[in-house]
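The values are calculated or read from the model by the stated rules, or taken from the named source; none is laboratory data. The structure displayed is predicted, hence computed values, not measured ones. Methodologically, a virtual Cβ is constructed for each residue, glycine included, from the backbone with ideal geometry; neighbour enumeration extends over all protein chains shown.
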Amino acid sequence: MLNLLRLLRERRTYWNVVHELSTYSDRELHDIGIDRADIHAIARLAAKEAKA
């Protein structure tokens with residue numbers, strides 16, 4: 001049960017980060033040092049950290 005809850009928390013974090021960063025313009029992403037192609041990698045990292 002705890003594994004399922006952890007998985008759901010990770011997925012929610014992943015998609016929240018993807019959604020949030022996807023709403024930024026290319027200029028805004030550039031200003032914070034992120035390339036649009038890196039959004040999914042950043043979301044995976046955030047999800048991995050959320051399980052701690």
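List of remarks:
- Selection within the chain - in contact with a Ser or Thr (Cβ under 9 Å, 6 or more places away or on another chain) and hydrophobic (A, V, I, L, M, F, W, C): ILE39, ALA43, ALA46, ALA47, ALA50
- Exactly one residue among ARG6, ARG11 is among the charged types (D, E, K, R) and in contact with a Lys or Arg (Cβ under 7 Å, 6 or more places away or on another chain), and that residue is ARG6.
- Here HIS40 meets the list (1) under 8 Å from the mean Cα position of the chain (by Cα); (2) surrounded by fewer than 12 Cβ atoms within 10 Å (Cβ to Cβ); (3) not charged (D, E, K, R) almost entirely, failing just condition (2).
- Residue check: ARG6 meets all listed conditions (1) surrounded by 11 or more Cβ atoms within 10 Å (Cβ to Cβ); (2) more than 10 Å from the chain's Cα centre (by Cα); (3) assigned to a helix (DSSP H, G or I); (4) at pLDDT 95 or above but one, namely (4).
- Of the numbered criteria (1) surrounded by 11 or more Cβ atoms within 10 Å (Cβ to Cβ); (2) in contact with a helix residue (DSSP H, G or I) (Cβ under 9 Å, 6 or more places away or on another chain); (3) at pLDDT 95 or above, the one ASP26 fails is (1).
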